[in-house]
Each structure stands twice: as structure tokens, then as C-alpha cells.
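Scroll down for the structure; my scribbles are underneath it.
Each reported figure results from applying straightforward, stated rules to the coordinates on display, with no laboratory input. Keep in mind the model is a prediction, meaning the values are calculated, not measured. Glycine gets a Cβ as well: all are built from the backbone with ideal geometry, and neighbour counts include every protein chain shown.
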């Protein structure tokens, strides 16, 4: 039997039967009826069944996509949209939907890729309102891609110039005058894009042609920008000062004036220029902001005083971005923390028990709230701020306003460095600060100081009130398991179950522990009734995940696969997101050497989803070591050693992977297979060290296995 015949046979087997197609059409029709009756959730369920019966149906896929967007299921929507475009690359509506989802996920690089791909299709080759809409969307998001922005803006200018009749009276433009004004703005944007790609003569010609539309002041600004981009600083300064600003660009104008004065003269000259400009325009706030920045470069103390005065007058985001940047670069972080305390106290004054009090509802309070929010937003947005300000905050942390302490903890968590606050959190934990205590316990766990965790939990439980006692009791479970004291951990959970407000949560945790200590049959018995006991989707989903883990421990891969498939088909919840299921399922497939191409695709999807979530949450877009380890393990199993090595090296450098023995163990396997003996020895030695004093190190003799691997090296 030859390969071609087998391939054809497999394709035939994968083709839906006529009965399946008829059933899919019936489901699709019923879904349309349900949607018309305003029952979208039921309609979506019917469409998902129809998609399984006839996965080739584009009409089913498009309706599913629409409802996924309605329900905010962006991961499912993205996957569905990509599948549609793979089969119908001319589907403009789906491409725009996919681009919109990516933009909401703050993934503008993906938006640019999708929109450029659809623009290259014949369906958008001719002028049309759809072509205009796609070009407009591309221009809006391509700030970080000058080439794509130039393409979009050239297309827009050409369409608006040559096909004005198509656009006037459309949803985009009501009148010729409205189109003309927009065309002038687009031409200026095109010239800006041309400067970015160093096409200076063409840009300058466009700017000069726009003098009538925007006036001499704007022309002077734009030509100055061309000279600045070419590093012709004297010419840029001369052009800039030829005509004073008259178009609302005050802040940009005076920042550029300061820069060019410094480049052609001195810092002192720049300060004098800005001081004179500010004196001449006392009501122009942005001139004073620029002056404060320039003054602070020469005299940080004087700059700080001026910034402090200006902070009382505005809540604009642009000012507080500048304010935070100045204090960071000037090394005046304590003053920044003091400012946060001051504004926090206006939002929520501190009472005698060190807790915030309700603030008065008046105009002063409203202004304080606005300024506080602007400051916090700016501090969270400054990527270079967290580590230095957390270090600064460690001294005197207890005396800070509770809102400031929360902000500092958030910044430390954002960059994965809660350990910087260990000393102060230790003190906070013992002073009754529950949040500080939980963070401190997390830090001790990452350092595998299990006995310290238990001693702290015992101390906190002994001093806690009745409501908090359960929290510290449950915090003892992980350290007990890691110390090999599983039966004691189960006793703790039994005690907790009797008093917990949500005993099902405790049962789920107990099932996890039972699987960890090699009692998976007991775990399955415990889990059997949870789905019947609870109608909560998250609880049911967590129970399925625990059942899958128990079946894997029993090497019942068919049962585990079925549960993972159900989880992937179902709707994600907060505690069991899609990314977690993808990672766990794929890692276990890799560990068993099964369905490796599918596992690799699942893990790449998981890493992509995690990146999307990181962008939405404002976290650094660094892939988690856990997911990278899983991907690297799949690549290793597939024989893609060079790729696996690169992935594991990223995992070992990640915040969570750097302290994970499994990551280093797997990296050692790759190095050994590549013949990199020294690197393999270093990786496995690190893995042995990280396995000390852990359940994982003892479980199934992994620590001994690592030592055996080291002994086999030449």
C-alpha cells in the first residue's frame, strides 16, 4: 500500500459525511433562529456543534466569529478568524475583525500584518470605501512601523485625491470641505512618515505645498523637523525661531527649542531661553512644563520645586508623564513617593488606626483624586521606574500611605521582584498587614524556605481573628507537601473543610494534594461528586482539570485527553483559562511522546495568548518560563535541538524559569544531546541545587536521577 493511497484515504476519512453536513446545516439554521430571538448564547452552542460536524463550512465559522466577538471570547475569535482567512484570504470583513481584536489586545504588530496582507489581495486593488477603511486603520496603528505607515498614508492620499467623488457623501465625509481638510492632514502625516524613512526632499516639498493650508508657523516647525532629522542643528534652530508657535504645539515647540539651543550652545543658554519664553507666556502651561524640565537638567532642586508647584495646577496625563520621568532621571525618587503620599491622603485621609478614611466629597477632593490617578498611571507606565523606586521605598515603607504601599507592591510584582520588599514585608506580616504577609509567604515559597513559611503561618494563625484564621491554616498546605508531610497537609485541609465558607474549594485543593502524594484514585473518588454538587462553571472546570491530572498519574491518557478536549471546547474561566489548559495538555503529550506536532501548535498558541494578556494587563511582554519550558520540551522530543536550545535559554533567563529545576534539567538534556558537555553539567548541577528541599526533587527520585545524569558525563 503506497503513501499516496494512505494520504488520500486519511483525507477521505476526515471529510464530513453527507449526514454530518445535513445535521450541521440543521444546527446552523436553528442557530440563526435562536439569534433572531435574541438568544445568542444558545445560538453559539448550536454553531459550535455544527462546526464539529462540518469544519469546512465558512458560513458556520463566520457566524461563530461574530458571536465570539459579542461574548468577548477573543482567543476563540482570533483562532476562528485565522482559520477563515486561511481558506478565504479575500474576506475583508474577517480581516478587519481580526485586526480589531489584535488592537484591543495591544498587539499592533499583528494588526499591521493582517491589514497589509488583505491590502495586497486583488479584492482591494481598486478604489473603494472598504479599501479606504483598511488604509485608515493601518495608518492609525503603524506608528512603530514607518514602512507600513508610509504605504498606508500614500494609499490614503492617492484615494482621497483621485477618487474624491467616491468619498464625499459617504460615512467618512459629508462635504467636499471636510474631505479637503482631512486630505491636508493626511498629506502632512505622509510627510512626517517620509522624514522617518529619510526621504527628506519629498517630505520638504509636501510641507511647502501645505503652507497655504496651515500657515507659516506650521511650515517653520515642519522644516525645522526635517533639518533636525538630518542633524543640521543650526539650520533647525534658525527655522524654528523664524516664526513663533501659533498652532497649539507649545509643548513640542519649547522642548525642541531647548534641545536645539543645547546642541548649538549650552545648557545654560537653553534654560535662559525657556525662562524667557515662560515669562512671555505666563498662561501657557506647556511652556512652563518644558521650562521645569530644562531647569531641572541644570539645577535638579530648582526643577523639583517648580514641578511641585505645577503639580497643584493640573491633572493632565502629559504633565505627570513628564513629572515622573524628571524625578526618575534626577534620582529624586523619595520626593516622588512623598508626592504619591500627599495626593493619596487627599483621596483617602489616614485615620488613627492607619486605615484610610472616607474623604470629603468636594471640589478639592475631586481635583486631588484626578491628580492622584494621573500620577499613579504615569508611575505604572514608566517601564524604567519599578526597580529603583521599590528599592527606595523599602526604607520607610511602613510609614507610607496604605495606597502608596499598595502601589509599590504592585510595581514590585510587575517586574517579578517582590524579594526587594522581603525585609519590610516581614515586618508588615508581623504587624497585622494581611497583604504584606501573603506577599512575604510567596517570596519565601519561591526561595524554598518551607520551614520559615510554616513558622510564619503558625505565628499568624495564632494571632489572627476567627475570620483570618482559615487563611493562614490553608497557607500551610504547600510547605507541608514540599517537606514530604502529605498526611499532615491532608489533616489541615480536613480541618479547613469543616469551617470553610466554600468547602468545595478546599475539596479541589485536597484532590490536588492527593494526586501530588501518589494517591490519584483517592483524588478521583473525591472529585466524582463535585460536578453534581456545584453549578458554578469555574468550580466544574477546576474539577475537570484535577481529574485530568489524576488520570495522568494513573497513566490513563485516553481519559485525560478527553477531559482536556472538553476543557478546550468549553468556555474559559478565571481559574482555568485557555492558556493553562493548552500548556498542561501539550506538556503531557510531549512527556509521553504523543501527538507532538499538535502539542507544539498548542504551546505556541499558549505563549501567544499569554503575550496578549500581558499587553492588556500592562505587564512586560516576557514569555513565562513555564510555557517556554513546555515548548522547549516538545521541540526536544521532535528532534529540533537548535530551536529547543534557544527556547530553554530564554526559559532559564525568565523570572519564573530561573528558579525551576525542571527547566534546568530539560536544558541539560538538550545540551547533552548536542554534545555541549560543560553546559549540560552546569545545567544539571543547577537543577540538583534547585531540587533540594522540594517535593519535586524527591518525587519519583528526580534528584537522584539528576545526579545519575551528572555521573554519566565524560
- Message: Which three extents, in angstrom, do the Cα atoms of segment 107-186 have along their principal axes, listed largest first?
- Response: 34, 26, 18
- Note on the structure: Ranked from fewest to most other Cβ atoms within 10 Å of their own Cβ, 170, 534 fall in the order 170, 534
- Query: How many nm separate the modelled label positions at residue 557 and residue 387, each set 7 Å beyond the Cα in the direction of the Cβ?
  - Reply: 4.3
- Among rounded, prolate and oblate, which fits the chain when a ≥ b ≥ c are the square roots of the eigenvalues of its C-alpha gyration tensor, a/c under 1.5 means rounded, and a/b larger than b/c means prolate? oblate
- Query: Roughly how many whole Å is it from the C-alpha centroid of segment 411-488 to that of segment 572-591?
  - Reply: 27
- Convex hull volume per residue in cubic angstrom - Cα atoms of segment 41-153: 94
- Query: Percentage of Cα-Cα pair distances in segment 539-611 greater than 15 Å, rounded to whole percent?
  - Reply: 50
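With a/c under 1.5 counting as rounded, go ahead and sort segment 467-615 into rounded, prolate or oblate using the C-alpha gyration tensor (a ≥ b ≥ c being the square roots of the eigenvalues; past the cut-off, prolate if a/b is larger than b/c, else oblate).
Since a/c reaches 1.5 and a/b is larger than b/c, the shape of segment 467-615 is classed as prolate.
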- Quick one: what does P(r) look like for segment 494-544 with 5 Å bins over all Cα pairs, in whole %? 5, 22, 31, 26, 14, 2
- Query: Mind ordering 420-432, 545-557 by average Cβ neighbours within 10 Å, highest first?
  - Reply: 545-557, 420-432
- Item | Protection-proxy order for peptides 336-343, 651-658, each taking the mean of Cβ atoms within 10 Å per residue, highest first | 336-343, 651-658
- How big is segment 178-322 on each of its three principal axes, counting only the C-alpha atoms and giving the largest first in Å? 46, 36, 26
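Suppose we take every Cα in segment 215-298 and form the convex hull; what volume per residue is that in Å³?
So the per-residue Cα hull volume is 77 Å³.
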- Query: How far, in nm, would the chain grow between residue 284 and residue 533 when pulled straight, counting 0.36 nm per residue and subtracting the alpha carbon separation?
  - Reply: 83.1 nm
- Mind giving me the nanometre distance, one decimal, between the label points for residue 653 and residue 275, set 7 Å out from Cα along Cα→Cβ? 4.7
- Sequence ranges 258-267, 290-299, ranked by mean other-Cβ count within 10 angstrom, highest first: 290-299, 258-267
- Query: Do the sum for the chain: with -39,500 (n - 2.57) for every DSSP H run of n ≥ 4, divided by all residues, what is the mean residue ellipticity at 222 nm, to the nearest 500 deg cm²/dmol?
  - Reply: -23500 deg cm²/dmol
- Task: Please work out, to two decimal places, the log10 of the ratio I(q)/I(0) at q = 0.21, 0.26, 0.27 Å⁻¹ from a Debye calculation in which every Cα of segment 380-457 carries one identical scatterer.
- Result: -0.90, -1.27, -1.34
- Note on the structure: Each label sits 7 Å from Cα toward the beta-carbon; between residue 211 and residue 158 the label points are separated, in nm, by 2.9
- Zone of residue 90 (label point 7 Å along Cα→Cβ, backbone N under 11 Å): which residues in segment 116-133? 121-125
- If we count other beta carbons within 10 Å of each Cβ, what is the order of 80, 313, fewest first? 313, 80
